[in-house]
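Student: Okay, here's the structure, questions in a sec.
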Amino acid sequence: MILLTGGNGQLGTELRKLLDEKGWEYISTDADVLDITDAEKTMDYITDLKPELVYHCAAYTAVDKAEDEGKELDEKINVDGTRNVAKAAKAAGSKLVYISTDYVFDGTRKDGMYQVDDKTNPQSEYGRTKLLGEKAVQEIMDDYFIIRTSWVFGIYGHNFVYTMQRLAETHKQLTVVNDQYGRPTWTRTLAEFMTFVVEKEAPFGVYHLSNENSCSWYEFAKEILKDTEVEVLPVTSEEYPQKAKRPQYSVMDLSKAKDLGFKIPTWQEALEQFIKLEK
């Protein structure tokens with residue numbers, strides 16, 4: 001038996017679809033069924049269920065809101081909630097898969113890629129709480145996978161691809177930042193890796209998983225809208241200020257995942273498949 005937290009979110013929904021395809025037995029929860037911020041209820045629910053595996057997809061992901069009005073909720077879900085899930089998973093004898101983010105890094109790296117054991121230094125509240133979630137998992141659990149990902153897009157949620165497509169319907173020209181670099185990640189690729197590490201009985205620990213190749217947000221937008229007549233223009237981060245500081249460069253090294261034998265499509269290939277599914 002598998003337990004999913006955040007089963008109705010962008011990643012959780014993609015993962016449920018994949019688990020259905022595989023015929024894996026699971027129970028999917030959202031906040032109405034399992035409030036992970038309630039330590040006692042979380043302990044009771046998970047220890048009663050005794051799942052072999054917990055996919056912890058529940059998270060607070062409103063990056064800018066986390067800087068002010070959402071700060072308290074961000075902390076409750078990403079830190080306290082993750083600690084509660086980890087303690088309950090440990091007590092139930094479950095393995096745990098926790099999804100983290102490139103925001104745990106400060107983005108100041110000038111060359112190369114961020115390795116799984118590189119120094120973390122989050123520059124935003126969201127990055128801070130996700131890192132504290134990682135630390136809680138590592139302190140409490142032995143049998144865990146922490147999977148850091150970045151620039152996530154998928155069929156089942158709000159994301160950059162949908163935003164660009166929506167804006168393209170009403171604008172002839174769009175401006176997108178061209179000085180923040182990272183790796184886009186299709187939820188399907190991420191979900192496949194989440195099941196792969198379990199099937200493979202991979203060594204526990206921290207992994208990085210996104211699609212292959214890197215780009216700026218501007219380059220990503222250009223590819224998304226390449227079959228439209230919308231003109232995409234580059235701007236600097238200073239010209240497009242946001243509450244939460246984004247990593248300027250968050251390209252993460254994927255070799256640990258690839259060394260397991262997991263085949264990772266490029267973000268261009270993933271985007272092409274995604275757009276075909278949309279239609």
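Student: Against the empirical 2.2 N^0.38 Å scaling, what ratio does the C-alpha Rg of the chain come to? Before the final figure, lay out each step's value.
Tutor: On the way: Rg = 18.4 Å, N = 279, 2.2 N^0.38 = 18.7 Å.
In units of the 2.2 N^0.38 Å rule of thumb, it is 0.98.
Student: Taking H placed 1.01 Å from N in the peptide plane, check which residues at least 5 places from ASP106 or on another chain put their amide H under 5 Å from its amide H.
Tutor: Here the answer is ASN121, since their amide H atoms fall under 5 Å of that of ASP106.
Student: In addition: With a sphere of radius 11 Å drawn around the Cβ of ASP117, what net charge do the other residues whose Cβ falls strictly inside it have (Lys, Arg +1; Asp, Glu -1)? Could the numbers behind the result be given before it?
Tutor: Working: positive: LYS119, LYS256; negative: ASP118, ASP253.
With Lys, Arg at +1 and Asp, Glu at -1, the net is 0.
Student: Further question: For the range 33-153, what does the relative contact order come out to in percent, with C-alpha contacts under 8 Å and a separation of six or more? Don't skip to the answer; put the middle values down first.
Tutor: Details: 190 pairs, mean separation 38.0, N = 121.
Averaging sequence separation for qualifying contacts and normalising by length gives 31 percent for the range 33-153.
Student: Binning at 5 Å from 0, report for the range 46-93 what percent of all alpha-carbon pair distances ends up in each bin.
Tutor: Going from the shortest bin to the longest, the percentages are 5, 22, 24, 17, 12, 9, 8, 2.
Student: Measure up LYS87/LYS130; LYS119/LYS243; LYS41/LYS200; LYS110/LYS222; LYS95/LYS135; LYS22/LYS263 against 21 Å on the Cα-Cα distance and list the ones that go over. Display every interim value, and only then the final one.
Tutor: Numbers: LYS87/LYS130 17 Å; LYS119/LYS243 24 Å; LYS41/LYS200 32 Å; LYS110/LYS222 24 Å; LYS95/LYS135 16 Å; LYS22/LYS263 18 Å.
Pairs exceeding 21 Å: LYS119/LYS243; LYS41/LYS200; LYS110/LYS222.
Student: So, one more: With a 1.4 Å probe and all protein chains kept in place, how much accessible area does ASP253 have, in Å² rounded to the nearest 10?
Tutor: That residue has around 20 Å² of solvent-accessible surface.
Student: Can you give the accessible area per residue of the range 120-209, in Å², using a 1.4 Å probe?
Tutor: Numbers: 3630 Å² over 90 residues.
For the range 120-209, the per-residue accessible area is 40 Å².
Student: If you don't mind, another one. Using a 1.4 angstrom probe on heavy atoms only, work out the carbon and sulfur share of the accessible area of the range 199-269 in %.
Tutor: Details: 1770 of 3830 Å².
Exposed carbon and sulfur together represent 46 percent of the surface.
Student: Accessible area of ARG16, 1.4 Å probe, to the nearest 10 Å²?
Tutor: 60
Student: A further question on this structure: In what sequence, highest mean first, do 49-61, 76-88, 223-235 appear when ranked by Cβ atoms within 10 angstrom?
Tutor: Numbers: 49-61: 21.5, 76-88: 23.8, 223-235: 15.1.
Result, highest mean Cβ count within 10 Å first: 76-88, 49-61, 223-235.
Student: Whenever you get a sec, line up ILE147, ILE275 from highest to lowest accessible area (probe 1.4 Å, protein heavy atoms). Write down the numbers at each step before the final one.
Tutor: Working: ILE147 0, ILE275 35 Å².
From most accessible down to least: ILE275, ILE147.
Student: Accessible area, 1.4 Å probe, largest first: how do HIS158, HIS171 sort?
Tutor: HIS158, HIS171
Student: Using the alpha-carbon atoms, what tilt in degrees (0 to 90, nearest 10) does helix 187-199 show relative to the longest principal axis of the chain?
Tutor: Once rounded, the angle reads 30 degrees.
Student: I would also like to ask the following. Scattering from the C-alpha atoms of the range 49-124 alone, worked out with Debye: what is log10 I(q)/I(0) at q = 0.12, 0.13, 0.20 1/Å?
Tutor: -0.45, -0.52, -0.96
Student: Within a Cβ distance under 14 Å of GLY157, other residues only, what is the Lys/Arg minus Asp/Glu net charge? Each step should come with its number before you reach the end.
Tutor: On the way: positive: ARG16, LYS17, ARG166, ARG188; negative: GLU14, ASP30, GLU278.
Net of charged neighbours comes to +1.
Student: If you don't mind, there's one more thing I want to ask. Report the relative contact order of the chain, percent, no decimals, based on alpha-carbon pairs under 8 angstrom and at least 6 residues apart. List each step's numbers first, then the result.
Tutor: On the way: 544 pairs, mean separation 57.1, N = 279.
In percent, rounded to a whole number, it is 20.
Student: Moving on to the next point. Express the accessible area of the range 48-96 per residue in Å², computed with a 1.4 Å probe while the remaining protein chains stay in the model. Present the calculation step by step, with values, prior to reporting the outcome.
Tutor: Values: 2210 Å² over 49 residues.
The answer is 45 Å² per residue.
Student: Sticking with this structure for a sec: Taking every eigenvalue of the Cα gyration tensor of the range 106-199, multiplying by 5 and rooting it, what semi-axes result, largest first, whole Å?
Tutor: Details: eigenvalues 169, 73, 33 Å².
Over the Cα atoms of the range 106-199, the ellipsoid semi-axes are 29, 19, 13 Å.
Student: For the range 35-158, which whole percent of the accessible surface, found with a 1.4 angstrom probe, sits on carbon and sulfur atoms?
Tutor: Numbers: 2490 of 5500 Å².
Whole-percent figure for carbon plus sulfur exposure: 45.
Student: If the only charges are +1 at each Lys and Arg Cβ and -1 at each Asp and Glu Cβ, what is the size of the charge dipole of the chain around the Cα centre, to the nearest 20 debye?
Tutor: Numbers: 34 positive and 48 negative charges, 74 e Å.
The calculation lands at about 360 debye.
Student: Here is a follow-up. Nearest 5 percent is fine: what portion of the DSSP beta bridges confined to the chain is antiparallel?
Tutor: Working: 2 of 33 bridges.
The antiparallel proportion sits near 5 percent.
The values are calculated or read from the model by the stated rules, or taken from the named source; none is laboratory data. This one's a predicted model, so the numbers in the text were calculated from it and none came from an experiment. Because the Cβ atoms are built from the backbone with ideal geometry, glycine has one as well, and the counts that use them run over all protein chains shown. SASA here: full protein model, heavy atoms, side chains in, ligands and nucleic acids out. Shrake-Rupley method; radii C 1.70, N 1.55, O 1.52, S 1.80 Å.
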